[in-house]
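The values are calculated or read from the model by the stated rules, or taken from the named source; none is laboratory data. Computed from a predicted structure; not experimentally measured. Cβ coordinates were reconstructed from backbone atoms using ideal geometry, including for glycine residues, and neighbour counts include every protein chain displayed. All accessible areas refer to the heavy atoms of the entire protein, side chains included, with ligands and DNA or RNA removed. Shrake-Rupley method; radii C 1.70, N 1.55, O 1.52, S 1.80 Å.
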Amino acid sequence: FQKHEFFVDMTCEGCSNAVTRVLHKLGGVNFDIDLPNKRVSIDSDHSVDTLLETLKKTGKNASYLGEKSAQ
């Protein structure tokens, strides 16, 4: 899996729940949501475009920050 980091303009628990919902629908992803920093880290074989489109389905502003090196 590649780990990708995205910015998602989340302001509350409801926003992070929306992100969780769309990512679960997509399937084949492991992810961490960092609400205070508005970051979503995703482990997935899906393309960055697919992941970004999925995150945008929340209605929030989302952008790709880059690959995260696995620690």
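With angles folded into 0 to 90 degrees, how steeply does helix 13-26 sit against the dominant principal axis of the chain? Use alpha carbons for both and round to 10.
40
What length, rounded to one decimal in nm, is gained on full extension from Leu65 through to Asp43, with 0.36 nm per residue of separation minus their alpha-carbon distance?
Working: separation 22, 0.36 × 22 = 7.92 nm, distance 1.39 nm.
Full-extension gain reported as 6.5 nm.
Can you work out ³J(HN,Hα) from phi for every residue in region 53-68, in order, using Karplus 6.51 cos²θ - 1.76 cosθ + 1.60 and θ = phi - 60°, giving whole Hz and x for Gly and Pro?
The phi angles translate into 4, 4, 5, 5, 5, 6, x, 9, 5, 9, 8, 8, 9, x, 7, 9 Hz.
Over the chain, what lengths in whole Å, largest first, do the semi-axes of the equivalent ellipsoid take, defined as the square roots of 5 times the eigenvalues of the alpha-carbon gyration tensor?
Values: eigenvalues 57, 35, 23 Å².
Equivalent-ellipsoid dimensions as semi-axes: 17, 13, 11 Å.
Give the residues of region 1-41 whose amide nitrogen is closer than 13 Å to a point set 7 Å from the Cα of Leu52 in the direction of its Cβ.
It comes to 5-8, nothing else.
Express the accessible area of region 3-67 per residue in Å², computed with a 1.4 Å probe while the remaining protein chains stay in the model. Could the numbers behind the result be given before it?
On the way: 3560 Å² over 65 residues.
On a per-residue basis, region 3-67 sits at 55 Å².
Among the chymotrypsin sites (Phe, Trp or Tyr not before Pro) within region 1-37, which fall in a DSSP loop and have no more than 15 other Cβ atoms within 10 Å of their own Cβ?
Working: sites: Phe1, Phe6, Phe7, Phe31; in loops: Phe1.
Here the chymotrypsin sites (Phe, Trp or Tyr not before Pro) that fit, given the DSSP loop and packing criteria, are Phe1.
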